[in-house]
Each structure stands twice: as C-alpha cells, then as structure tokens.
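Chemist: Just dropping this structure here.
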Amino acid sequence: MRPVFVLLTDFGLTSPYVGQVKAVLTAGCRDAAIIDLTHEVSAHAVFEAAFLLAVSIPYLPPQSIVLAVVDPGVGTERAMLLLDAPQIRILAPDNGLLAPLAHQGTLWRISMPEAPSATFHGRDVLAPVAVRLALGAPPIAVATPWGTQPLVSLPAPPAPSPGQILTRVAHVDRFGNCLLELPANTPLPARILVQGRPARVVRTYSDLAPQELGVLRGSQGVWEIALREASAAHLLGLGAGALVFLTAADPLAPA
Amino acid sequence: MRPVFVLLTDFGLTSPYVGQVKAVLTAGCRDAAIIDLTHEVSAHAVFEAAFLLAVSIPYLPPQSIVLAVVDPGVGTERAMLLLDAPQIRILAPDNGLLAPLAHQGTLWRISMPEAPSATFHGRDVLAPVAVRLALGAPPIAVATPWGTQPLVSLPAPPAPSPGQILTRVAHVDRFGNCLLELPANTPLPARILVQGRPARVVRTYSDLAPQELGVLRGSQGVWEIALREASAAHLLGLGAGALVFLTAADPLAPA
Amino acid sequence: MRPVFVLLTDFGLTSPYVGQVKAVLTAGCRDAAIIDLTHEVSAHAVFEAAFLLAVSIPYLPPQSIVLAVVDPGVGTERAMLLLDAPQIRILAPDNGLLAPLAHQGTLWRISMPEAPSATFHGRDVLAPVAVRLALGAPPIAVATPWGTQPLVSLPAPPAPSPGQILTRVAHVDRFGNCLLELPANTPLPARILVQGRPARVVRTYSDLAPQELGVLRGSQGVWEIALREASAAHLLGLGAGALVFLTAADPLAPA
C-alpha cells in the first residue's frame, strides 16, 4: 500500500525547510503521498499544533505516518517520540504536542543518531525514521520503549465556573474565525456575551447578518466565534492562546 | 489511469482545512495526484475564483476532477453542482463559480447527505463525491439531473463605451500585476491612460523601464496592468473586483 | 522509476501560476511526484534563489528534475539553460541562478518554441521540456550544447578583511533567522558583534536566553543570526541581500 506521510509544522512556506523534508521522504519512499496539514502554525505554538493535530487525525488515511514538528527546543535534550497506534504513527518532540493523543497507542523514544544536526531534527532525524517505518521497520528498529515516565504536558485548560465559560482560542483561521478549546457538544444558551459583546448562537455562518457576531459549532468539533464575512479575531483582538469569556446574555437586554 | 484532483479554494494555508480535504481524497483514492491551483482566493470572492478556474482549465490533465470551493453560503440551501464535461468534472456550489463554464458540459445537482456538516461541505460533501466519481461512479450515482433552471450568475462585466474601456480587476498576483477581465485579443492603442495615468502597451515586463506603468497581454489570456519590478496594484490602489478605466492617451501629450 | 520534479519559484501561492505548471507536468507525466522547495523567494531575487537551490540540492531524490524560475527577464533574449549533472537536471534562466552549480554538469541551451508566450516561460517552455526529459528524451532532443561562453554570474560576495567579516543575508526564514552567505565551516570567535551589537556564538537556538542575539551554524550549511523566539531580521532591520558586519567583540567588554 502506498505510504502516506502527513506533515504539520511551523516552518512556514517561505523557506525550503518543508521541501527538504519532502525531498528526504521522497528519496526514501519514491511512491509516497505527502499531505500538508499546515506549515503555518503560529511560530513555536505547541498548544495550537496539538489542537490542529488532534482535530485532523480522524480524516487521515489509514496507516498514515505523521511528522509533527513545532519544536522550540530543537537541539536540547528533549526526547523525540513515536506514538504507535492501530491506524496511525506520529513522530513528534516530547513538548506537549502528543500529550492529548498519547493514550491512543504505545509510546517509543526515537533513537537519535550519533551526531544529529543541532537545528533541524525534522529533516535529519524524523524524516529518515519515518522512511524506515514506511518501508516496514518495526518501532524497535528505530526507537526504544518509552516506559512509564510522564510526557511533557500542555498547560491545563482554564477551569469552568458557574454562569461563565472561560476558554481559550486554539486557532484563528484565514477568515478570522476563532476556534475555541471548547467541544461542540458543550451546551450554550442561544444568546451569549463573548468578551462582553452580544453574540448569537447559530448553525452556520450564513445565519448571521453582515457584521453580526456569532458563535457556532464549526467543522473542527469545537465552538467557533465568527463574524459574518469579516474577521472576529480582528474585531475582538484575539489570537491563538488568548483567553475568552462566554457568559449568558440577559434575555431581557437588547441584543 | 491515476486519478487527478484539482483544488481551488479560499481556505488559506494557515489552517488544516485543505489538508483535511486532501486526507479524505487520499483515503478514498490512495494513488491520486492532487494539484493546488490556489487556496488564497480573496475570502468569499466568487468572481475572482470563477476567473482563476476558467483560465486554468486548459492546462489541467485529462479527466481531472476539480473541487472549487469558495462558498460564503455554506450551510444554506444553495445547491452543490457537478459539471460533467468531456475531459473534466467540476464540483462547486451554485453561486456563480461555474456560470462561465456551464455550457461546456452537463449539469447535475449533487445529492446531499442526510445531515451534512453545516460549515465544511468541501471536506464532508464534495470530497467524498469526488472520490466516488474517481472510482468510476457515474454522475447519477451521486447527483440528480439539474434540468433547465438557470444557475446563479456572476455580476455582468461593465459595458464598454466609445473611446473608453471600463473593466474590472479579476485578480492581483504576487508581483502586484493586475489581471483584467479583458480578453487579450481586445485591441488597445499603443499608449493609453490607466485610471488617468499614462501607460505603455508592451509585449513583456522587461520592455518597461524601472517603475514605468504598462499594459500587456499576460499569461492568463487577459490584459494585465504591470509596473516594472514593483506593484501596479499598490501604485493604483487596486484589488480584485476594482473598476478600471482605460482611455486612449492623447498622442501629442507628453507620456 | 517515478519521475520527481522539484519547483523553486517566486510566483507566490496566491495565483494559479504554480498550479498551472504542476498541471502541465502532471498531464505529461501522470505518475510524477512534485516537490515544492518554495514559491516565496523574494520577488525577482535571483541571488536568494541561487542560494536556496544550492543548499537544497543535497537532499533531492536521485534523478530529480528541477525547475528554478525566478526570472525578471522573462520574454527577453536571455537564454534558458539545462544543467545536466549525474544525479540531477536543472532548468533555469541564464541570469545567475545556475552559476554556483554550473561546474557540476554539462550545460545546454534550451531550444525555444517558435512563438513562446512572452510572460510565462516556466509553464510554457520549461514544463514541457521537463516532461520530455522525464519521459526519456536526451538533452540533445530539447536543447543545443551551450559551449564555452560564460554564464551570467551573480554579484561577487563582499571581500573579507582582517578582523572583520563582511557578508550578506542570503535568506530570512519564517522565524526571522537571517541565513548568511558565510559557510558554517568559517571559524568565528565565541563572542562577536553583529552590526555592532553583541552576540553569542551558540550551538542551537535553545542555548540563547529569551531575546538574546546569537549566531549559530544552522541547518543550511551556513552561519545564521538568530534571536531566541523572536525575529533577528526585525531587530536588525535585515532582509535578503543586506550587508552584515561581523567583528570580534572585545573580550574585556561587558556582553
């Protein structure tokens, strides 16, 4: 079966970094398909990368090998991980990126080469390991068992309190929609305040009037703040990681 | 024959949206090639997307399946179309995107699933349909005949008047060249005024002096406004959709 | 063996230009893999493109065919070159892009079609030639021997002087790291001044304190200026092509 590699990085597309990773993968597995999730994760934003990875996993082809490289600690002693799950293998640094997914499979510590480059482990460590896995090598050929030590974890989400939901922006998309770290199955009242501004809970972007602020269950399994055909992120001054307060609007107050 | 999918969207590349569409396509057709036309159509700019699609069609591999998703009306009752033409199939919302091409094939209305997601029909409706078509399903398996009702159309181009051409910017490229909605076979005088500024009609960018404004037949089959090694869009304050006036320059006036 | 095409351009990704090149390549070689090095070379920056090409070559799959198109002289009489080297073939305009690599193989002048388009030789000249080469055509089928005439060369790097290294920024990456035209095997003292500001020579980004300026051997085989989790390019006001002065810091002065 054709190998499928999936890439998620903060490398950007202005440099040849992503291309060099793809070159190494293609040199090793000439027939492989390579899918870019995105290379524009906010620089060094492990929290955002972990979110984007987790929400994308359900769509990946079976037996995908994911390279997730948002790695401000490159060159330090932080470990490189391999998560070996039934339908997917994920290679990533031990910096929180894999923490939300770790329970889904078995963890391995990737064996580092004798003298790895100090600044580009995605190309020089992870890509060659991904190639070996794609060619059939078992985890033990490229890694050692992780054992029971805890992974580096992400900052915990803010605790909810009665009458108010405190959450964070996990990602801002191209349209300025703010994807929240708030599962779409969390109930919300029909009219709420977002950072103190009235917003309507709607089903889809088109249910909003032009420039109206709304909240909806988006395509990534979480609640989103949206502004019809404009940028909610710009209006509210929000970026990835920002805290967001949602409170029930007084039903008697004018919207 | 290897399936070829072609994508044109306004999703941008900062989010995993494009990657999730590619994941669904690759999960269904593991051997497929996927070509990105662009994902940076101005947000919600159906007019620009229709232009970029139409000018790119002649270069696509035979039997390409195109997913064109610029869809501000996602989640509303607007239909999803399949245009079945001899060498190409195009999936797109009925919002004007397909209007310039509809005469080239047979139109079908894509059957919607029972409970489609409200915000991401590209991934959840079009990609699975594209996979089924690529695997050999006939249109009737995924759609119903469109019949004779008119498509949603694009705003008509401005009407020409004697001595003056009124046109629109269809697209601004990375260099600041302004591609006009004016076919390259439209005759123009050798010296013209663009928004009142003198410009020279030339064959190629290099025929212009540094910072000189010019008009030329570009690579997309239309006239372009260009500024040598600088941005004509910036100089003239033009973006996609902007109106442009071209008038013959007084041949006796200083250029 | 599956053909591999590698693209390096300044076309950007907002227009369908790259997609049209890929469409022509895929129409001709339906099974090909296509790798993007980057399409965001600074507009018309031949110097930067030559650098990015040279540093990426070692990672490319064997028998790759590279299309390198940064071509402000498109449509003029400048020649289009084919460099035929043992493991790679590179197609590029004769504007300096190939000069650093020309000694690695045999040069050919690509035969131009009767009436090439004036503005898009990447799509209309190079891509069809690349397809013919990938399908097995020898260079003589698409080109004539270049002979002994010199190539257009790049501006020479600044000359070193005692106690000071004068170099240039070859590329600024997404993180604001400034990649210098200074091979990583050039010795540097442990503490230096960069444009007069103290900087520490370190092994990896993480060796720097937050906001500390440093210089390190980066992943591209050259020295880089870096600022921990911030943009050195922004701090120092540097872009591709900018001159950089490195001098030894007085070992007795406070850092």
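Chemist: So which residues in segment A:178-206 are β-branched (Val, Ile, Thr) and either touching a helix residue (DSSP H, G or I) at 6+ places or on another chain (Cβ under 9 Å) or closer than 25 Å to A:Val55 by Cα (or both)?
Modeler: A:Thr186, A:Val194, A:Val201, A:Val202, A:Thr204
Chemist: Would you mind telling me which numbered condition in (1) within 27 Å of A:Ala156 (Cβ to Cβ); (2) more than 18 Å from the chain's Cα centre (by Cα); (3) assigned to a helix (DSSP H, G or I) A:Leu107 fails?
Modeler: (3)
Chemist: Further, regarding this structure: Could we say that A:Thr26 is within 7 Å of another protein chain (Cβ to nearest Cβ), closer than 22 Å to C:Thr9 by Cβ and either touching a residue at least 24 places away in the same chain (Cβ under 8 Å) or in a loop (DSSP other than H, G, I, E, B) (or both) here?
Modeler: No; evaluated as a whole, the condition is false for this residue.
Chemist: Being out of contact with any Pro (no Cβ under 8 Å at 6 or more places or on another chain) and in contact (Cβ under 8 Å) with a residue 40 or more places away in the chain is true for just one of C:Ala143, C:Ala159. Which residue is that?
Modeler: That would be C:Ala143, the only listed residue that is out of contact with any Pro (no Cβ under 8 Å at 6 or more places or on another chain) and in contact (Cβ under 8 Å) with a residue 40 or more places away in the chain.
Chemist: While we're looking at this one, here's another question. Name the pairs whose Cβ atoms lie under 9 Å apart, with the first residue in segment A:29-50 and without any contact (Cβ under 8 Å) to a residue 12 or more places away in the chain, the second outside any helix (DSSP H, G or I) and small (Gly, Ala, Ser), and 6 or more positions between them or separate chains?
Modeler: A:Arg30/C:Ala33
Chemist: Search segment A:197-212 for residues that are more than 11 Å from chain B (Cβ to nearest Cβ) and pair each with any residue that is in a helix (DSSP H, G or I) and at pLDDT below 95 when their beta-carbon atoms are under 9 Å apart and the residues are at least 6 apart or on different chains.
Modeler: From residues that are more than 11 Å from chain B (Cβ to nearest Cβ), the pairs are A:Arg200/A:Asp207.
Chemist: Mind listing just one residue for me: the one in segment C:29-40 that is under 23 Å from C:Gly73 (Cβ atoms) and outside any strand (DSSP E or B) and, of those, farthest from the other protein chains (Cβ to nearest Cβ)?
Modeler: Residue satisfying both the conditions and the ranking: C:His39.
Chemist: The conditions are (1) open to solvent by less than 40 Å² (accessible area, probe 1.4 Å); (2) within 14 Å of another protein chain (Cβ to nearest Cβ); (3) within 24 Å of the chain's Cα centre (by Cα), and A:Leu246 fails exactly one of them. Which is it?
Modeler: (2)
Chemist: Assess whether B:Val131 counts as being closer than 28 Å to B:Phe5 by Cβ, open to solvent by less than 10 Å² (accessible area, probe 1.4 Å) and among the hydrophobic types (A, V, I, L, M, F, W, C).
Modeler: Taking the combined requirement at face value, the residue does not satisfy it.
Chemist: Report the residue count in segment C:15-31 for those that are open to solvent by 10 Å² or more (accessible area, probe 1.4 Å), among the small types (Gly, Ala, Ser) and out of contact with any helix residue (DSSP H, G or I) (no Cβ under 6 Å at 6 or more places or on another chain).
Modeler: 1
Chemist: For segment C:65-106: of the residues being over 30 Å from B:Arg228 (Cα atoms) and among the hydrophobic types (A, V, I, L, M, F, W, C), which is nearest to the other protein chains (Cβ to nearest Cβ)?
Modeler: Looking at residues that are over 30 Å from B:Arg228 (Cα atoms) and among the hydrophobic types (A, V, I, L, M, F, W, C), I get C:Ile88.
Chemist: Here is a further query. Taking C:Leu193 as meeting all but one of (1) open to solvent by 20 Å² or more (accessible area, probe 1.4 Å); (2) of a type in the set (A, V, I, L, M); (3) closer than 30 Å to C:Ala79 by Cα, write down the number of the exception.
Modeler: For C:Leu193, the exception is condition (3).
Chemist: Now a separate question. Conditions: (1) touching a Lys or Arg at 6+ places or on another chain (Cβ under 9 Å); (2) in a loop (DSSP other than H, G, I, E, B); (3) more than 7 Å from chain B (Cβ to nearest Cβ); (4) among the aliphatic types (A, V, I, L, M). C:Ala43 meets all but one. Number of the miss?
Modeler: Of everything listed in (1) touching a Lys or Arg at 6+ places or on another chain (Cβ under 9 Å); (2) in a loop (DSSP other than H, G, I, E, B); (3) more than 7 Å from chain B (Cβ to nearest Cβ); (4) among the aliphatic types (A, V, I, L, M), C:Ala43 misses just condition (3).
Chemist: A further question follows. Consider C:Pro116 carefully, then state whether it is within 14 Å of chain B (Cβ to nearest Cβ) and either in contact (Cβ under 8 Å) with a residue 60 or more places away in the chain or not small (Gly, Ala, Ser) (or both).
Modeler: It is true that C:Pro116 is within 14 Å of chain B (Cβ to nearest Cβ) and either in contact (Cβ under 8 Å) with a residue 60 or more places away in the chain or not small (Gly, Ala, Ser) (or both).
Chemist: Here's another thing I want to ask about it. Look through C:Ala199, C:Ala232 and report the one residue that is closer than 21 Å to C:Gly163 by Cα and crowded, with 22+ Cβ neighbours inside 10 Å.
Modeler: Every option except C:Ala199 fails the conditions.
Chemist: Could you run through segment B:5-14 and say how many residues are on the phi < 0 side of the Ramachandran plot, surrounded by fewer than 24 Cβ atoms within 10 Å (Cβ to Cβ) and within 7 Å of another protein chain (Cβ to nearest Cβ)?
Modeler: Matching residues across segment B:5-14 total 2.
Chemist: Output the residues belonging to segment C:67-113 that are surrounded by fewer than 24 Cβ atoms within 10 Å (Cβ to Cβ) and of a type in the set (Val, Ile, Thr).
Modeler: C:Val74, C:Thr76, C:Ile88, C:Thr106, C:Ile110
Chemist: Ok, one more. Among the residues that make up segment B:38-46, is at least one of them open to solvent by less than 20 Å² (accessible area, probe 1.4 Å), over 26 Å from A:Leu227 (Cβ atoms) and touching a Pro at 6+ places or on another chain (Cβ under 7 Å)?
Modeler: There is no residue in segment B:38-46 that is open to solvent by less than 20 Å² (accessible area, probe 1.4 Å), over 26 Å from A:Leu227 (Cβ atoms) and touching a Pro at 6+ places or on another chain (Cβ under 7 Å).
Chemist: Which numbered condition in (1) under 29 Å from A:Leu243 (Cβ atoms); (2) more than 15 Å from the chain's Cα centre (by Cα); (3) not charged (D, E, K, R) is the only one that A:Ser64 fails?
Modeler: A:Ser64 satisfies all of (1) under 29 Å from A:Leu243 (Cβ atoms); (2) more than 15 Å from the chain's Cα centre (by Cα); (3) not charged (D, E, K, R) except (1).
Chemist: If you don't mind, another one. What number of residues in segment C:46-64 are at the interface with another protein chain (Cβ under 9 Å from one of its Cβ atoms) and hydrophobic (A, V, I, L, M, F, W, C)?
Modeler: Here the count works out to 4.
The values are calculated or read from the model by the stated rules, or taken from the named source; none is laboratory data. Note that the structure is predicted; figures quoted are calculated from it, not measured. Every residue, glycine among them, receives a Cβ derived from its backbone with ideal geometry; neighbour counts consider all protein chains shown. Note: accessible area is taken over every heavy atom of the protein model, side chains too, but ligands, DNA and RNA are not part of it. Shrake-Rupley method; radii C 1.70, N 1.55, O 1.52, S 1.80 Å.
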